[in-house]
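A.B. asks: Next up is a structure, given as structure tokens.
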Amino acid sequence: MDSPPPRPAENRGPTGLSDRTSSTGGSPARNPWWDNTRFVSASLIVVLHTMGSIMDRYGPLHAFHVAAWAFRVPAFVVLAGVFSSAGPLGPRHLRTLLRGIVLPALLFSLLFSAESYALGSPFVLHITQLPWTLWFLMSLFFWRLLLPLVAQLRHPLSVTTAVALAVGYVEELGLQFSASRTLVYMPLFYFGWRLGQGMFSKWFESRWSLPVAVAGVLAAGLAAWQWHWDIQGTWLSMRHAYRADTSLGMEGAWLVRLVVLASAATLVLCLLRLMPKRRVPLISALGAGGFTVYLLHPLVILPLREKGLIERADTTPELIALLLGGVLLTALLASPPVRRLAQPLTRPPVGWLLAPAPAPTPARASAAVPEPASHALPQPKQALGEDLRVTP
């Protein structure tokens, strides 16, 4: 699993792994498998951010938070890797990075600062440390830049995992430029790319893997219910250096991180195996708006949290209403009307900023012919922007 993959043109993805499948009319159609997964993960993220400030008050909510952790951030990291390309970063790819990651990150950082100021906080312009959920876009930018290099290593997964475990001992690597999370999650991002290249295809297609996936999710739930108060938030956040908060001390802190990352990869595989591959009414359509949900939901939740409205929830009906409210908010933000209205911010135009792209020469044009649908997954054009189809 850790050996260098063959050249992309020679790879074959497992059945159903492509983000788009052929329709009866010959035009590409979205693969509902990925959209179903995106909607579930996006809903869990929004629910977490809606109820996050009060989860420590209630044991069941805290257990749910721990049990579902792998299905939120790690799942989005893996999905981002699935739809990334390890090819050379040419002008078209760099334009996509700019339009799909850099400009949305800066625009929504500015919106977050303006909204915080309107709610009474000092105005702070975030550049090197993006606020709240926007760290993911900064990390995604660096993951995309690093992937072509990582894919050339002799043992990419071993090297990226070793780096992820070692950075916990470096105090300087923290929130600035999302350095810690970028390096710690890089093995999962590369793992996602390998999934897109066809790794674990038998897992996704075999009958025996379905009960195993069910058992894996149930085991995660039972473990979280039993030990959720013992699992430290710092183990899951990946934001800071290690702390001597276990019996292993600083010398064994890397073992905790290794177990966490391995568990995350395993549970993401279980989640993907359990997701329906057929179109699910409403869910599949809304799953296409995962990127919009990711960018917009903090702007909706922030005033509710700052005004203390979420903190007031105390009774069981109120907590259930908050949970359902998070799911409904996900559905609203992922709806086509909201996505169309938000498109100037989520997919800003770049023509005013960049010089016109040079016309491809005949040689370049022939090299850019898309691979057959059975080959590796779609390239960066389908990894970013409105269809991304990912995100925490």
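A.B. asks: Search the range 139-177 for residues being polar (S, T, N, Q) and under 19 Å from Leu79 (Cα atoms), and hand back the single one that is most open to solvent (accessible area, probe 1.4 Å).
C.D. replies: Applying the filter and picking the extreme gives Thr161.
A.B. asks: Being at pLDDT 90 or above and within 19 Å of the chain's Cα centre (by Cα), is that true of even one residue in the range 12-33?
C.D. replies: Yes, the range 12-33 contains a residue that is at pLDDT 90 or above and within 19 Å of the chain's Cα centre (by Cα).
Matching residues to (1) basic (Lys, Arg); (2) under 23 Å from Arg144 (Cα atoms):
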site: Tyr190; (1), (2): no, yes
site: His228; (1), (2): no, no
site: Arg243; (1), (2): yes, no
site: Pro281; (1), (2): no, no
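A.B. asks: Starting from the range 225-254, take each residue that is within 21 Å of Pro74 (Cβ to Cβ) and list its partners that are open to solvent by 50 Å² or more (accessible area, probe 1.4 Å) and among the basic types (Lys, Arg), counting only C-beta distances under 9 angstrom and pairs at least six apart or across chains.
C.D. replies: Gln232/Arg243; Thr234/Arg243; Ala253/Arg243
A.B. asks: Residues to consider are Leu130, Leu107, Leu173, Leu153; find the one that is at negative phi, of a type outside the set (Ser, Thr, Tyr) and assigned to a helix (DSSP H, G or I).
C.D. replies: Result of the check over Leu130, Leu107, Leu173, Leu153: Leu107.
A.B. asks: Starting from residues that are open to solvent by 10 Å² or more (accessible area, probe 1.4 Å) and under 22 Å from Leu296 (Cβ atoms), keep the ones in the range 44-64 and report whichever is nearest to the chain's Cα centre (by Cα). First the steps, then the outcome.
C.D. replies: Kept after step one, since they are open to solvent by 10 Å² or more (accessible area, probe 1.4 Å), are these residues of the range 44-64: 44, 48-50, 52-53, 56-62, 64.
Among the residues that remain, those that are also under 22 Å from Leu296 (Cβ atoms) are: 44, 48-50, 52-53.
Working: Leu44: 12, Leu48: 15, His49: 15, Thr50: 18, Gly52: 18, Ser53: 22 Å.
Going through the qualifying residues, I end up with Leu44.
A.B. asks: Does Pro378 satisfy the criteria of being in a loop (DSSP other than H, G, I, E, B), at pLDDT below 50 and open to solvent by 70 Å² or more (accessible area, probe 1.4 Å)?
C.D. replies: Working: in a loop (DSSP other than H, G, I, E, B): yes; at pLDDT below 50: yes; open to solvent by 70 Å² or more (accessible area, probe 1.4 Å): no.
Spelling it out, it is not the case that Pro378 is in a loop (DSSP other than H, G, I, E, B), at pLDDT below 50 and open to solvent by 70 Å² or more (accessible area, probe 1.4 Å).
A.B. asks: Something else now. Output the number of the condition that His65 fails; it satisfies all remaining conditions of (1) modelled with pLDDT under 95; (2) over 21 Å from Leu48 (Cα atoms).
C.D. replies: (2)
A.B. asks: If I filter the range 65-87 down to residues being open to solvent by less than 10 Å² (accessible area, probe 1.4 Å) and aromatic (Phe, Trp, Tyr), which single residue comes out as farthest from Ser201 (Cα to Cα)?
C.D. replies: Per the stated criteria, the residue is Phe76.
A.B. asks: Answer with yes or no whether Arg57 is out of contact with any Ser or Thr (no Cβ under 7 Å at 6 or more places or on another chain) and farther than 30 Å from Trp225 by Cβ.
C.D. replies: Numbers: out of contact with any Ser or Thr (no Cβ under 7 Å at 6 or more places or on another chain): yes; farther than 30 Å from Trp225 by Cβ: no.
Considered against the rule, which asks whether it is out of contact with any Ser or Thr (no Cβ under 7 Å at 6 or more places or on another chain) and farther than 30 Å from Trp225 by Cβ, Arg57 comes out as no.
A.B. asks: Continuing with this model, one more query. From Ala288, Ala244, which residue is open to solvent by less than 40 Å² (accessible area, probe 1.4 Å) and touching a helix residue (DSSP H, G or I) at 6+ places or on another chain (Cβ under 6 Å)?
C.D. replies: Details: Ala244 fails: open to solvent by less than 40 Å² (accessible area, probe 1.4 Å).
Being open to solvent by less than 40 Å² (accessible area, probe 1.4 Å) and touching a helix residue (DSSP H, G or I) at 6+ places or on another chain (Cβ under 6 Å) holds for just one of Ala288, Ala244, which is Ala288.
A.B. asks: What's the number of the condition Arg239 fails, among (1) under 22 Å from the mean Cα position of the chain (by Cα); (2) part of a helix (DSSP H, G or I); (3) basic (Lys, Arg)?
C.D. replies: Tallying (1) under 22 Å from the mean Cα position of the chain (by Cα); (2) part of a helix (DSSP H, G or I); (3) basic (Lys, Arg), Arg239 fails exactly one: (2).
A.B. asks: Can you pull out the residues in the range 71-98 that are more than 18 Å from Ser139 (Cβ to Cβ) and either part of a helix (DSSP H, G or I) or under 9 Å from the mean Cα position of the chain (by Cα) (or both)? Walk me through it before giving the result.
C.D. replies: Keep residues of the range 71-98 that are more than 18 Å from Ser139 (Cβ to Cβ), which gives 71, 87-88, 90-92, 95.
Once the filter is applied, which keeps residues that are more than 18 Å from Ser139 (Cβ to Cβ) and either part of a helix (DSSP H, G or I) or under 9 Å from the mean Cα position of the chain (by Cα) (or both), the range 71-98 yields Phe71, Pro91, Arg92, Arg95.
A.B. asks: Out of the residues in the range 191-230 that are outside any helix (DSSP H, G or I) and surrounded by fewer than 16 Cβ atoms within 10 Å (Cβ to Cβ), state the one that is nearest to the chain's Cα centre (by Cα).
C.D. replies: Here the answer is Ser206.
A.B. asks: Inspect all residues belonging to the range 309-329 and state whether any of them is touching a Leu at 6+ places or on another chain (Cβ under 9 Å), of a type in the set (Val, Ile, Thr), open to solvent by less than 20 Å² (accessible area, probe 1.4 Å) and assigned to a loop (DSSP other than H, G, I, E, B).
C.D. replies: Checked against the condition, which is being touching a Leu at 6+ places or on another chain (Cβ under 9 Å), of a type in the set (Val, Ile, Thr), open to solvent by less than 20 Å² (accessible area, probe 1.4 Å) and assigned to a loop (DSSP other than H, G, I, E, B), the range 309-329 yields at least one hit.
A.B. asks: Could I ask something else about it? Confirm whether Ile310 is farther than 23 Å from Asn36 by Cβ and at pLDDT 95 or above.
C.D. replies: The answer is no for Ile310.
A.B. asks: Consider only pairs whose beta carbons are under 7 Å apart and that are at least six residues apart or on different chains; among these, list those whose first residue lies in the range 158-172 and is over 12 Å from Arg257 (Cα atoms) and β-branched (Val, Ile, Thr) and whose second residue is in a helix (DSSP H, G or I) and at pLDDT 95 or above.
C.D. replies: Sorted first by the residue in the range 158-172, then by its partner, the pairs are Thr160/Val150; Thr160/Met186; Thr160/Pro187; Thr160/Tyr190.
The values are calculated or read from the model by the stated rules, or taken from the named source; none is laboratory data. Not measured: the values here are computed from a predicted model. All Cβ positions, even for glycine, are placed from backbone atoms using ideal geometry, and neighbour counts span all protein chains on display. Calculation scope for accessible area: heavy atoms of the full protein, side chains included, ligands and nucleic acids excluded. Shrake-Rupley method; radii C 1.70, N 1.55, O 1.52, S 1.80 Å.
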